[in-house]
Amino acid sequence: MEYRQLGKSDLNVSVIGYGAWGIGGEPFWSTEGETSSIRSIEKAIDLGINFYDTAPVYGFGYSEELLGKALQSKRKDVIIATKCGLVWKKEELKAIRKRATRESILEEIELSLKRLCTDYIDLYQVHWPDEDTPIEETMNTLLQAQKEGKIRYIGVSNYSVAQIEESLKFGQIVSLQPMYSMLERDVEQDRLPFCIENEIGIICYSPLASGVLTGKYDENTKFKDWRGQGIIGNFTGEVYVSHIKKVKKIAEIAQKYEKTLAQLAINWLLHQQGVSTAIVGVKTPDQVEQNMGAVGWEISNNDLKGISGILEEGC
Ligand SMILES: NC(=O)c1ccc[n+]([C@@H]2O[C@H](COP(=O)([O-])OP(=O)(O)OC[C@H]3O[C@@H](n4cnc5c(N)ncnc54)[C@H](OP(=O)(O)O)[C@@H]3O)[C@@H](O)[C@H]2O)c1
């Protein structure tokens, strides 16, 4: 495993991180059950994955609870990243709201610490910007929690450059967590160069485009989970069909290296300047093991050019 420093922090994160959204299960994902989820975390530890990303909203607390259970005895050896700013009154997708007020965050931290069976969170990230709460209020609350030792570092997710700039007026931010994969490259326009210049680490979420870059879906797939609901990402319509066409061509390049498409997609992402880690969404020990094949080898310059050509083709 390779490790990279996360922004200006002293966190040395494994380049493949453990994305714990999937193990949270319903209402977003289906899982193979708690035993398989716990084993996948244990497998990740064995293989040198030290970075675990979760959020209260993943399974409405369940993902954090599972991580707490599985990581308790390894607490000092792992880096736990969780989030704040999404709250719910009912355990339903439609009931989730953005809320990054002082009162709400202080309550969220206590609940996360309890579920994660820990007395500190290494990286605490604002999940989505809350347009109704001044960034000053959010940042001052996080800085207070940092002073009290409840969180070690502050990160943000899904923030624009302007929102990061505003946050930096009040204190240090060590990371941005954007959606970033071969198929979702908007971040390269503005946030990536900004973060490189300001030494802010990039934690790529949905590095396999939530499964599309594994090659296991085709143009006829109808997703029954959150992916079929058009909330985030492109899993229906013309853009999806265009993605599938690209995926098929890129899979041929992966074959040349005797690698899976997923391994090539993660390797490509880790090759992009500014990237600290790719948090891959996994639920089984086998997936964790397979994804390890993404590190320790290089895509040739010629194939990198070939991949760029495929990705730049229009819909
Ligand atoms: N900050 C945010 O707003 C935000 C948003 C989304 C995600 N995230 C974070 O990013 C992490 C990853 O994102 P993600 O879950 O959307 O997507 P992802 O990592 O792009 O893809 C996950 C999907 O890939 C499949 N997969 C993984 N390894 C595989 C393997 N070796 N073979 C076959 N299939 C494999 C899983 O399939 P199965 O479903 O069949 O198991 C799963 O559906 C999340 O867990 C979460 O920590 C953050």
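How do Leu270, Leu264 rank when sorted from fewest to most other Cβ atoms within 10 Å of their own Cβ?
Starting with the residue having the fewest Cβ neighbours, the order is Leu270, Leu264.
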Arrange the following residues from fewest to most other Cβ atoms within 10 Å of their Cβ: His271, His243.
His271, His243
Violating pairs (Cα-Cα greater than 29 angstrom) within the set Lys43/Lys89; Lys114/Lys222; Lys43/Lys259; Lys76/Lys224; Lys8/Lys83:
Lys43/Lys89; Lys114/Lys222; Lys76/Lys224
Report, by chain and number, residues whose modeled amide H sits under 5 Å from the one on Asp122, excluding near sequence neighbours (fewer than 5 apart, same chain).
Ile80, Arg152
Checked the range 143-233 with the C-alpha gyration tensor, a ≥ b ≥ c its square-rooted eigenvalues, rounded below a/c of 1.5, otherwise prolate if a/b is larger than b/c and oblate if not; verdict prolate
Least to most buried among Thr236, Thr35 (fewest other Cβ within 10 Å first)
Thr35, Thr236
Based on the Cβ-Cβ distance from Lys222 to Leu111, what FRET efficiency comes out when R0 is 35 Å, to the nearest 0.05?
0.50
Need one word for the range 263-315: rounded, prolate or oblate. Basis is the Cα gyration tensor (sqrt eigenvalues a ≥ b ≥ c); a/c below 1.5 gives rounded, then a/b vs b/c decides.
prolate
If packing is taken as the average count of other Cβ atoms within 10 Å, what order do 285-296, 4-15, 204-215 fall into, highest mean first?
204-215, 4-15, 285-296
Can you work out ³J(HN,Hα) from phi for every residue in the range 89-99, in order, using Karplus 6.51 cos²θ - 1.76 cosθ + 1.60 and θ = phi - 60°, giving whole Hz and x for Gly and Pro?
9, 10, 7, 9, 3, 5, 8, 7, 10, 7, 7
Sequence-distant residues sharing a close amide H with Tyr159 (under 5 Å, placed H):
Gln177
Helix-only estimate, please: 222 nm mean residue ellipticity of the chain, summing -39500 (n - 2.57) across DSSP H runs of length 4 or more and dividing by its residues, to the nearest 500.
-11000 deg cm²/dmol
With labels modelled as points extended 7 Å from the Cα through the Cβ direction, what inter-label distance (nm, one decimal) is found for Trp88 paired with Val241?
3.3 nm
Rounded, prolate or oblate, given the Cα gyration tensor of the range 1-124, with a/c below 1.5 counting as rounded?
oblate
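Since every read-out is calculated from the coordinates, none of them should be taken as a lab result. Here the structure is a predicted model, which means the values were calculated and not measured. We place every Cβ from the backbone using ideal geometry, glycine too, and count neighbours over all the protein chains shown.
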